[in-house]
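Working notes, structure below.
The values are calculated or read from the model by the stated rules, or taken from the named source; none is laboratory data. Keep in mind that what you see is a predicted model, and the values were worked out from it rather than measured. All Cβ positions, glycine included, derive from the backbone under ideal geometry; neighbour counts span all protein chains shown.
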Amino acid sequence: MIIFAPMAEQIYYPFQSFKASKKLCFLTGKPLNSSEEQIHVFPQWLMSRYKLEDQPFKLLDESIQTYKDLKLPCSAEANELYVEPLERDIEAAFTIGYEAVKELDELRLFQWAAKWLHGIIFNELQAAMRQQNAEGEEFSVSQSILQRFTNLHVMLQTLSLPIKFDEFKPYSLFLFKVNNLENEFGYRDEVSTVTFALRINDFGLIINLQDNGTIGRYLQETYDKIKDRTLHPIQFEEFSARAFYAAYLFNRLPNYDIMPVGDDIFIEANQLRGNSTKPLFDEWQVRTYGQVLESFWKKWGYLLLEIIKDPDNPVSHLFDADGNFIPADSIDLGL
């Protein structure tokens with residue numbers, strides 16, 4: 001839940017009473033002058049580089065769109081002032097690769113991933129509304145999910161408003177150098193946990209956008225062992241599986257207070273533990289983790305029973321039986 005002071009009206013809340021309309025700018029909430037005022041969810045430079053425009057994209061309702069079909073309503077002004085400069089920063093760094101991405105301000109990566117995931121969320125909800133309306137049902141969605149989406153959208157507005165995070169980061173971010181195939185585009189997201197992974201060029205990036213850094217701390221020991229190594233793609237996917245599964249196990253919904261101070265708007269994170277003595281993460285289940293890993297390793301043909309043949313030591317390409325890192329060039333598997 002977000003608690004906000006009366007002076008913060010300039011923040012746009014599209015998910016309150018579900019006002020996420022195609023007639024309002026996704027970022028500012030201002031009415032659009034034309035239905036042509038739209039941007040692609042997947043930026044044009046990325047779609048062109050990886051030939052994604054006409055590739056199929058399946059939504060949660062099982063309907064099929066193409067990558068270029070997924071769009072966000074965006075005013076020409078917001079696009080020029082906020083979105084395009086962000087895309088230029090990201091495109092420049094992503095074109096160079098890992099070393100340039102490493103030098104990017106993390107907030108820019110967060111904003112870019114948040115814009116992308118918000119675009120997916122917007123299109124998923126529009127599709128769900130169409131489906132439920134066609135079936136004569138009133139549109140409904142979990143309040144906890146809407147709260148998570150609201151939190152994310154408020155923080156996305158750091159792009160356009162003087163919003164500052166008060167001594168916390170709302171996200172966990174993991175960046176690796178990866179031996180990817182040339183022109184490979186590896187992407188996945190989990191909307192319900194607002195988790196995002198991208199593997200292109202010579203790097204891989206994973207962000208949970210709404211955990212206040214908790215998943216980063218949960219996986220810190222593992223990340224510290226491998227963050228300065230070059231990974232084989234199967235190793236990146238293994239760490240991705242751990243991060244996505246950790247996001248699933250994370251059982252708190254972060255709450256925030258929003259306070260205007262002078263010309264700025266400060267977001268303060270409330271304590272995650274609250275009054276609960278329950279651990280922040282549910283218990284790690286090897287079989288469930290194995291199912292996640294099976295999905296992430298689909299390219300290499302691994303099956304669940306193979307992964308968890310020894311339940312105490314599921315298959316790993318990151319670490320050997322003694323817990324030592326396995327060098328990427330020693331892995332005899334295709335990229």
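From the residues in region 66-81 that are surrounded by 16 or more Cβ atoms within 10 Å (Cβ to Cβ) and more than 14 Å from P43 (Cα to Cα), which one is farthest from the chain's Cα centre (by Cα)?
Checking each candidate, the answer is S75.
Of the conditions (1) assigned to a loop (DSSP other than H, G, I, E, B); (2) surrounded by 15 or more Cβ atoms within 10 Å (Cβ to Cβ), G290 clears all except one; give me its number.
(1)
State yes or no: is P254 in a loop (DSSP other than H, G, I, E, B), within 17 Å of D211 (Cα to Cα) and not charged (D, E, K, R)?
Here the answer is yes, as P254 does meet what is asked.
Restricting to region 158-200, name every residue that is at pLDDT 95 or above and of a type in the set (G, A, S).
Hits for region 158-200 are S160, S172, G186, A197.
Mind checking which residues of region 301-320 are touching a helix residue (DSSP H, G or I) at 6+ places or on another chain (Cβ under 6 Å) and either loosely packed, with under 14 Cβ neighbours inside 10 Å or of a type in the set (D, E) (or both)?
The answer is P311, and nothing else.
Looking only at region 91-141, how many residues end up being assigned to a helix (DSSP H, G or I) and either modelled with pLDDT under 95 or among the aliphatic types (A, V, I, L, M) (or both)?
Final tally of qualifying residues: 25.
For region 258-265, does any single residue satisfy the condition of being more than 26 Å from I145 (Cα to Cα), among the small types (G, A, S) and at pLDDT below 95?
Yes, region 258-265 has at least one match.
Residues are listed down the side, and each one gets a yes or a no for (1) of a type outside the set (K, R); (2) touching a Leu at 6+ places or on another chain (Cβ under 9 Å); (3) surrounded by 16 or more Cβ atoms within 10 Å (Cβ to Cβ):
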position	(1), (2), (3)
I207	yes, yes, yes
T214	yes, yes, yes
Q235	yes, yes, yes
S240	yes, no, yes
A243	yes, yes, yes
A247	yes, no, yes
D322	yes, no, no
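Could you tell me which of the residues W284, W297 is among the hydrophobic types (A, V, I, L, M, F, W, C) and over 21 Å from the mean Cα position of the chain (by Cα)?
Only one candidate passes the filter, namely W284.
Filter region 37-76 for residues that are modelled with pLDDT under 95 and in a loop (DSSP other than H, G, I, E, B); which is nearest to I96 (Cα to Cα)?
L59
Taking the criterion of being touching a residue at least 40 places away in the same chain (Cβ under 8 Å), touching a strand residue (DSSP E or B) at 6+ places or on another chain (Cβ under 9 Å) and within 16 Å of R188 (Cα to Cα), would at least one residue in region 78-91 satisfy it?
No, the conditions are met nowhere in region 78-91.
Please count how many residues of region 257-273 are in a loop (DSSP other than H, G, I, E, B) and either crowded, with 16+ Cβ neighbours inside 10 Å or touching a residue at least 24 places away in the same chain (Cβ under 8 Å) (or both).
2
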